[in-house]
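Single-structure report; data block below.
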Amino acid sequence: MNSLEGVVVQIQGLSSSAGDISRLHVILKQAEESLRSESTRLSPILNQLDPSNHSLGYLYILEACTSASVSKEQAAMLVPYIARFISYCAPEQIRLAPEKFIAVCKRFKDQVMLLGTPMRGVAPLQAAVRKLQNSSEHLTTLHPEFLLLCLLAKCYKTGLSILEEDIFEVDQPRDLFLYCYYGGMICIGQKRFRKALELLHNVVTAPMSSINAIAVEAYKKYILVSLIHNGQFSTSLPKYTSSAAQRNLKNHCQPYIELANSYSTGKIAELEQYVQTNEEKFESDNNLGLVKQVVSSMYKRNIQRLTQTYLTLSLQDIANTVQLNSPKEAEMHVLQMIQDGEIFATINQKDGMVRFLEDPEQYKSCEMIERIDSSIQRIMSLSRKLTTMEEQMSCDPQYLAKAGRERQRFDFDDFDTVPQKFNI
Amino acid sequence: MEPEGSPSRPMIDEIHSNGGINLCDGDVDDEPSIDDTTTTTTNNRPIISSGEQLDVEAYGGLYQGRTKIMRLLFIAENCEGNPAMRLEALRMAHDEIKKGENTQLYREVVQKIDGELGPNYAMDSAWCDSVDRRADQKKEKLENELNAYRTNLIKESIRMGYNDFGDFYYAHGALGDAFKSYVRTRDYCTTSKHIIHMCLSAILVSIEMGQFTHVTSYVSKAEQSPEALDPITAAKLRCAAGLAHLEAKKYKLAARKFLETGSELGSHYNEVIAPQDVATYGGLCALASFDRAELKSKVIDNVNFRNFLELVPEVRELINDFYSSHYASCLDYLGNLKANLLLDIHLHDHVETLYDQIRNKALIQYTHPFVSVDLQMMANAFKTTVAGLEKELEALITDDQIQARIDSHNKILYARHADQRNATFQRVLQTGNEFDRDVRSMLLRANLIKHEYNLRAARKH
């Protein structure tokens, strides 16, 4: 008890300035073992500490509290503490002990899931992510946890707000894979197929020395989303994909590749047949809903193709060409597509005719100019980023050493020997 | 129908009446004499005629050597429903084979005849045996001679020896050995004439074997020494090259080669191709693959090729009809020629493709000058139904060969020219997005690789 009291006093005393905090950090590291051994008696202490001022200390004690496995009742009690802590803690203090913070948050997520209420964890984890990040371009281990909770709680919009930010710095490749995979699923849920495709593409083409399950699952969804969004799928992966992925991914996703082949023939009956025969496989991967969307996207694509060749077409003809059962169904499909903004047309019910119109966008409005302008700005900043990165790279000593080794022996102009190595 | 500009009345009438009334080619039953071609020579060369059956005897008379036999056999095999023609072809093949020394082919032909032509055409084993015996003797003699020449190391004799071997094998149907023998003479060729002779022999055997890649390479080899090429040989080489391109489905190149063939060819290359064939192949390939300007300059205004076209007035007429937009009669001619073209050994598997291409070109050319086209009139011009025409046009529009859209309600085709400005904006936005996405992914990947590299470096230390 003494040491415990002592620790509490230290925390309360040494939490004011940066120098004090670093001393506190040292003390806390030394006291870690003893804290862990007393984990059961730590909960009341939490009330003596203030999460915003004594963040570091609070963190250590919380971590010790949760280090043992907890039961449901304990979880129910701890969850509000942790949630409150996360909202009030001071970012500078917790960044001194990031692994502890991550550990606490992960356990928080587990407890929230244990209690069956993922919704409670969404807001706190979002705050946690923001506090842990060095910058908005930084991917932390908490990102995928947060996205997972969003998925489970079906709070897709909250997840999307995090996804909108571009990521350039990554701590652990595994985080990136999970982040992109969950992010892809959230985008699919919100029907933002372009962004989903981008995220899944990042997983599939990321450098990896050996194939992992996340990449396989991502590839399956990638095939399906590619069919829905682009109407086609090419089995060749880009050159920069790792060789492990290029060799092995296709073997694990055979049914999906055959689905893509069936889709490319353009025959709806065949596609539906194939889906039906392989229903259990898709079901077991939890992809059946997506597969059904693929089938309906085929109708859409066929109707869209008609807009390219016809000015007016009867509903009966549409039904025949697209292999629907009746003009009424064709009308419903066309109506849905007009409402979704996927085609521009007018339906004349008296004649049973559909008149296809041109895209009314004239690219003359203010919004369009703003859009183009912001695109230009974005691309310019990306270019600048690229240039900075290249400059950094060319000054990097390891790179120079390696490049120096591979130069020619003689410089043709001077007939002098070129230095073999940069001795730095 | 409103064509752009205001043409004179007669032209509108002509276009409207494209359904083909008083074009005299409509009668297909009489002999192939087109009234308005005053330059039809009273050439007694037989022609592949329209509508009528192929005159097998006349057709066979155009060729000689092994190709005659192969062509006749091909006709026999592919003229279903016409036993008379079949038997005629088989009979002629039999006679031709008996003049040569190929017992293998003889046996095949006799089996196919199966006694239907009477006792004269039954299996003559005595003849077979005597030919085989003679062949063995000759082979031995040739071998001895060749060995003698080889020991004497006289280049010219060795070359002649191998040539004789090649001829011997060719006559007996051992095409692979013939080819090898001919190719062996290469080391002993001293003048460019020798080389050309070797190339021509190799080309002949390759064509018979159906290996057209060899044909192309030997043609280019022969053309490397242009000073030794007399016009006839040059024409032969062009024909061979044309055939090779035709087999490779490169119709444009084939057309060009056939059109460049000099008229000195005459019947000098009967063992491969007849001048009628040059005209037919060249004309059809040109029609299927050339655009209008090229068609005019290279075919219609080509004085040299005119000599060939005289031999097949139908092809000449159909090219002229196509150029002057009389599509109905053009397609009529094509339809009539089809049955006989399917019996041609080189062209038969290209007929469908060429016909489709010609028909598509006709459709595209028809719609090209107009802002709007009435589909009913167009269907009349092309002798088809509106529904069928709509399907064909749909395929062409989807393929982006016609820029138009169909008003299915009123059955009108409207020309549609893409709005460049909108298309440009769309492309710009799309390219921007793609750049954005790709650069971000690249930076991310670079970061991952750097991280991995740092890890490895850290672990090493």
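Computed from the coordinates by the stated procedures, all read-outs in this text should not be read as laboratory data. What you see is a predicted model; the values in this text were computed from it and never measured. Backbone-built Cβ (ideal geometry, glycine too); neighbour counts: all protein chains shown.
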- prompt: Count of lysine pairs in the stretch B:230-332 with Cα atoms under 16 Å apart, counting only pairs 8 or more residues apart in sequence or on different chains?
  reply: 5
Inter-chain shielding of A:168-181 (mean C-beta neighbours from other protein chains, 10 Å cut-off): 2
query: Using θ = phi - 60° and the Karplus form 6.51 cos²θ - 1.76 cosθ + 1.60, what ³J(HN,Hα) does each residue of the stretch B:406-415 get, whole Hz, x for Gly and Pro?
result: 9, 9, 6, 6, 9, 6, 10, 9, 10, 5
Crossing angle, helix A:72-88 versus chain A [Cα axis fit, 0-90 degrees, rounded to tens]: 90 degrees
message: Could you work out how much longer the chain between A:S209 and A:A127 gets when fully extended? Use 0.36 nm per residue separation minus the Cα distance between them, nm to one decimal.
response: 26.2 nm
message: For the pair B:K141/A:L357, report the inter-label distance in nm, with labels modelled 7 Å from Cα in the Cβ direction.
response: 9.2 nm
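Of all the C-alpha pairs in chain B, what % are more than 33 Å from each other?
Summing the P(r) tail past 33 Å for chain B gives 53 percent.
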- line: Measuring from the longest principal axis of the C-alpha atoms of chain A, the long axis of helix A:213-230 (C-alpha) lies at a number of degrees, nearest 10, equal to 40 degrees
Candidate lysines - alpha carbon under 22 Å from A:K195, same-chain residues fewer than 8 apart omitted: A:K154, A:K157, A:K220, A:K221, A:K239, A:K292, A:K300, A:K385
- prompt: Residue separation times 0.36 nm, minus the C-alpha to C-alpha distance between A:K29 and A:M368: what's the value?
  reply: 116.4 nm
field: Semi-axes of the equivalent ellipsoid for the protein assembly as shown, Cα gyration tensor, largest first, Å
entry: 78, 40, 27
- prompt: Hey, how much of the P(r) for the stretch B:61-123 falls beyond 19 Å, as a percent of Cα pairs?
  reply: 22 percent
- line: A correct fewest-to-most ranking of A:C155, A:C253 by other Cβ atoms within 10 Å would be A:C155, A:C253
Sequence-distant lysines (8 or more away, or on other chains) whose Cα lies within less than 17 Å of A:K100: A:K29, A:K109, A:K131
field: Number of partner chain Cβ atoms within 10 Å, mean per residue of B:410-419
entry: 1
- request: Just add up the charged neighbours of B:M198: K/R +1, D/E -1, any other residue whose Cβ is under 15 Å from the Cβ of B:M198.
  value: +3
task: Please list the equivalent ellipsoid semi-axes of the stretch A:264-408, computed as the square roots of five times the alpha-carbon gyration tensor eigenvalues, in descending order and whole angstrom.
output: 48, 27, 13
field: Förster-model FRET efficiency, 56 Å R0, B:R150 and B:K249, C-beta, rounded to 0.05
entry: 0.85
field: Cα long-axis angle, helix B:66-78 against chain B (0 to 90 degrees, to the nearest 10)
entry: 60 degrees
query: Residues in the stretch A:144-180 near a label at A:Y399, defined as backbone nitrogen under 19 Å from the 7 Å Cα→Cβ point?
result: A:168-170
message: Quick check: the distance between the Cα centres of the stretch B:145-219 and the stretch A:85-130, to the nearest angstrom?
response: 86 Å
